[in-house]
Every structure is written in C-alpha cells, then in structure tokens.
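The values are calculated or read from the model by the stated rules, or taken from the named source; none is laboratory data. Keep in mind the model is a prediction, meaning the values are calculated, not measured. Counting neighbours? That spans all protein chains shown, and the Cβs are built from the backbone with ideal geometry, glycine included.
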Amino acid sequence: MNLTELEYVVEVERSGSISGAAKKLFVAQPNLSKAIKNLEEEFHILIFERTSKGVVTTSEGRVFLQRAKKVLQEVAVLKGEEQSAEKVRLKVSVPRASYITYAFTKCINEILPDKTGRINFEECSSTKAISNILSLKYGLGVIRYEEKYEEYFQDFLKLKGLSGEILDAFDYRLLVSAESPLAGMDEISGQDLEPCIEIVHGDIKIPGEEYLDLLSEELGHENVGKKIYVYERGSQFDLLTLVPNTYMWVSPMPVKILERYQVVEKRCTCAARNVKDVLIWKSGHKKSEEERLFVATLKSTIEEMRAKN
C-alpha cells in the first residue's frame, strides 16, 4: 500500500466511476484499476462493485475508505498542507511567455467557479523559478534555455534534486506591431533589423555558484545601442505598439493574443535561437489536482499553437 493508491481509491469513490476519476487525476484507467486491485488483495476485501453505470462502494469498502481519508488527512497535517476540498493548490513560476499566461487563464476559469484559495503565478527568470522550487514556495516552475546550454541546465537540475519534462522546443520569432514596416515583409533579414529597436527581457541568467549574466553575449544581435531592457511583461506590448520600429524575440503565441494586442509574428532569416521550455518540480513532489490541470492545459495550448503553424 502507498499513499497514491489511497488517493486513487478515494477519488474513485468521489467520482463514482474509474473513468471519471482517471480524468480528474490525469492518469490512465489501468493504473486506477491496478491500485484498487492491489489494495483489495492486500487487505482481503472488496472495495467496489463494478456495474454498467460505474462503481458502487461495498459496506467493507466504506469502512476502508473512511480510514483511508483519515490517513490522508493526517499526512496532510504532518506536511503542513492540510487542505479543504474548497482550497486551491496552485503556485507556479514561469518565463514571460504569452502562451503560458494564456494557458493559465484558461486553467483558472475552470478552477475558480467551484473553489476558493490563494493562487500564485510569478513571471520571472529561470534562476528565480528554480529558486522558488528549491525553497518549496512553489510546486511547479517552467524554465527556458537555449539548446546549447541544455547539458548545463540538466546537470544543474539533477544536482539540485529537481525533475524536469520538456514542454516544447522552438525557434524564436520576431514580434512586431501590425503597423510596423516589418509586418508587411515576406522575408526579414538581420540587415532589416539594424535601424530598429530591440525590446529585451533584462533578467535572463544562467544558474550556478555565481550567476553568469548573458546580456552582453546572448541577447539580441550586434546593434547593442538600440535596445530597451524590460522587466515586466505588460510593458513589452505597450512599447511594441506605441514606439515605432520596435521588435522582440518571442516564443510562439496564441492567435487570440496576437489579435488582442494587434501584433504579428514574423520569421527571420538571421541566426535562429533554438530554445526549450521545461517544466520542473522538486523530485518526489506530488502534483495537486490544480497543478495537473494547469500542466494539461499548458500542453493543449502548445498543441493549439502547433496546429496554427
């Protein structure tokens, strides 16, 4: 027996069916069936009776589930995480990426009608996201790095006891105002960008014993004199739409965001920057229902953007 199996059978009782519980837990149905079978064999009881409409809890199953719920409540208290069914458990740190914010808003619209509680959503650098996970202030984070630094980041995550899952790999695109001369070009070269002003997120660093500042080496191109460094995501859209001849390197964006801010994505023939977004969490961390929903929504948003392209 393990706590995960107990959580599974409790959710099966709450949902009234294995398929319904699997959907809520974001796990495969065979995993739930196996958990039920393991517990029934270990304790020599029948917890559920299967019917054409779902599952029905037996009398001995009800006694077992009452005790299982008490065990889970006691574990939550020991962890300092006593939770009510009405409390939201979602704290994430992410890069300033519009597709992540878009996924987050969709997730929140599903959570909030039925639950209350505090939700933390911090847009920050990868180093801050890692720090938030290590300090246990946040359950999930998303970090972004260029592929040439992948070995470094993977070694660092392993050293710090963090697990990771690649969400997406992409080349940066140019983001410009729909009114910009660049928006009408079929093909943009590095030379076309020379008279323009680049907007740059100013806090991108590599984690280590001492953080290595990448601004002078990695961000943007050779025209160092024509840059605006920003530290808040909202300001980038104001600058793009109100300051002529500005552009920004970004991850792919949902169509609704492009339309809302009247901006367009453009590809450039100059050197591509191969980038990965990676979901991270503390090894051993068990994702809450809200965290699993956020991850599922994030992945579906990525698929939505791939279909766009």
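Things to note:
- When region 99-119 is limited to residues that are among the polar types (S, T, N, Q) and at pLDDT below 90, the one that is farthest from Glu304 (Cα to Cα) turns out to be Thr116.
- The C-beta contact set for region 232-252 (first residue in the same structural domain as Lys276 (by TED's automatic domain parsing) and at positive phi, second residue not hydrophobic (A, V, I, L, M, F, W, C) and not in a helix (DSSP H, G or I), distance under 8 angstrom, 6+ apart or interchain) comprises Asn245/Ser180; Asn245/Pro195.
- Leading residue by the ranking (surrounded by the most Cβ atoms within 10 Å (Cβ to Cβ)) among those in region 120-130 that are outside any strand (DSSP E or B) and at pLDDT 90 or above: Ala129
- So Ala21, is it surrounded by 13 or more Cβ atoms within 10 Å (Cβ to Cβ), more than 15 Å from Glu289 (Cα to Cα), among the aliphatic types (A, V, I, L, M) and not assigned by TED's automatic domain parsing to the domain that holds Thr297: no
- Annotation: Tyr229 fulfils all but one of (1) more than 19 Å from the chain's Cα centre (by Cα); (2) at positive phi; (3) modelled with pLDDT under 90; the unmet one is (2).
- Taking every residue in region 280-309 that is in a loop (DSSP other than H, G, I, E, B) and pairing it with any residue that is among the hydroxyl-bearing types (Ser, Thr, Tyr) and surrounded by fewer than 16 Cβ atoms within 10 Å (Cβ to Cβ), at least 6 positions away or on another chain, the pairs with Cβ-Cβ distances below 7 Å are Ser283/Ser163.
- A count restricted to region 131-175 and to residues that are among the aliphatic types (A, V, I, L, M), assigned to a helix (DSSP H, G or I) and closer than 15 Å to Gly284 by Cβ stands at 3.
- Candidates Glu74, Glu49: the one that is among the charged types (D, E, K, R), in contact with a helix residue (DSSP H, G or I) (Cβ under 9 Å, 6 or more places away or on another chain) and without any contact (Cβ under 8 Å) to a residue 12 or more places away in the chain is Glu49.
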